[in-house]
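The values are calculated or read from the model by the stated rules, or taken from the named source; none is laboratory data. Please read all numbers here as calculations on a predicted model, not as lab measurements. Cβ: placed from backbone, ideal geometry, glycine included. Neighbour counts: every protein chain shown.
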Amino acid sequence: TAPSFRWPYPSLIAHRCGGKLAPENTPAAMRVGAEHGFTMFEYDVKLSKDDVLFLLHDDDLDRTSNGHGPARARTWAELSALDAGSWLSPAFAGERMATLDEVAAFTLQRSIASNVEIKPCPGREAETGTAVALAVQRLWGDAAVPPLLSSFSEDALAAAHVAAPLLPRALLVEAIPVDWRDRLVRHDCVALNVNQKDVTPDLVRDVHEAGYRLCAWTVNDVQRARDLLAWGVDALFTDMLDTIRPPFPARA
Ligand code: G3P
Ligand code: MG
């Protein structure tokens, strides 16, 4: 049976909060996303060694900070002392990583919707799913628009489902699995979040006919963004905050 969830999300989502214009998943990225008029952010959340939920995409610290090695080995005190901005530009030197609490406060204050991507450190899939779901419930309470939880990890999604069954969930997939319908049913999802290169008009129709929403990451080409929205894709994640920004397509 199809979910009866009323989809409350906009069609454009700022990927990692600030796309390519700011160091991903940081407070600077949140400011840039808001300044560009985005009304929904996507960000990647994991647990520190001492169980603080914070924003980071990679397993390792090297690409997006001056730290080294696996993030899972570091406490929040260690992580929050790192420079998470200089890797992109000296203009962002000294930028710090953000906690889930910080991005909740920022987005709630500005009525920006959230897609909280559960991105567990390897081996911590289920406990991260549980921790994110409980924290989102606590931080957002009965906010008008609840965060959409998503993950590539079905163990994380299953744990989030148990911990907070009423929060909406999306299944993230690297490639479209033949049994995507079964997987969406299993995790009681409202949406399938796919690589934009796999989207066809037929896929949009099939997902909608099954009663689900379809979201596409990461769309950085303006014409492709227009096409996907014209086909009925429900939401796009973009890094190109200066060219693919609300309102899009531009009003005549
Ligand atoms: O959640 C959409 C997108 O962010 C998934 O891929 O690797 O950018 O987290 P990734
Ligand atoms: Mg992500």
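Quick notes
- Count of region 106-128 residues, restricted to those that are within 15 Å of ligand 1 (Cβ to nearest atom) and in contact with a strand residue (DSSP E or B) (Cβ under 7 Å, 6 or more places away or on another chain), is 10.
- From 164, 77, residue being of a type outside the set (Asp, Glu), surrounded by 20 or more Cβ atoms within 10 Å (Cβ to Cβ) and more than 16 Å from ligand 1 (Cβ to nearest atom): 164
- Filter result (in contact (Cβ under 8 Å) with a residue 40 or more places away in the chain, under 19 Å from the mean Cα position of the chain (by Cα) and more than 16 Å from ligand 2 (Cβ to nearest atom)) within region 198-228: 212, 213
- Taking the conditions (1) touching a Lys or Arg at 6+ places or on another chain (Cβ under 9 Å); (2) assigned to a loop (DSSP other than H, G, I, E, B); (3) among the hydrophobic types (A, V, I, L, M, F, W, C) in turn, residue 34 satisfies each one other than (2).
- For region 162-176, a residue qualifies if it is aliphatic (A, V, I, L, M) and in contact with a helix residue (DSSP H, G or I) (Cβ under 8 Å, 6 or more places away or on another chain), and the qualifying residues are 162, 163, 164, 167, 171, 173, 175, 176.
- Evaluation of residue 94 against (1) more than 22 Å from residue 193 (Cβ to Cβ); (2) touching a Ser or Thr at 6+ places or on another chain (Cβ under 6 Å) (one fails), failing number: (2)
- If you go through region 226-252 and keep only what is among the hydrophobic types (A, V, I, L, M, F, W, C), within 24 Å of residue 212 (Cα to Cα) and out of contact with any Cys (no Cβ under 8 Å at 6 or more places or on another chain), you end up with 228, 229, 230, 231, 248.
- Within region 104-128, residues that are over 21 Å from residue 41 (Cβ atoms) sit with their Cβ atoms under 9 Å from residues that are among the acidic types (Asp, Glu) and at pLDDT 95 or above, at 6+ positions apart or across chains, in these pairs: 121/59; 122/59; 125/154; 125/155; 126/155; 127/51.
- Selection from region 50-84 of residues that are touching a residue at least 60 places away in the same chain (Cβ under 8 Å) and assigned to a loop (DSSP other than H, G, I, E, B): 51, 56, 57, 59, 84
- Residues of region 91-141 that are more than 15 Å from residue 51 (Cβ to Cβ) and either modelled with pLDDT under 95 or of a type in the set (Lys, Arg) (or both): 96, 110, 119.
- Any hit, region 17-27, residues being outside any helix (DSSP H, G or I), touching a Pro at 6+ places or on another chain (Cβ under 6 Å) and either more than 30 Å from residue 184 (Cβ to Cβ) or within 16 Å of ligand 2 (Cβ to nearest atom) (or both): no
- The residues on offer are 191, 216, 144, 163, and the sole one that is in contact with a Ser or Thr (Cβ under 7 Å, 6 or more places away or on another chain) and within 25 Å of residue 108 (Cα to Cα) is 163.
- Residue tally, condition at pLDDT below 95 and buried (at least 18 other Cβ atoms within 10 Å of the Cβ), over region 4-55: 1
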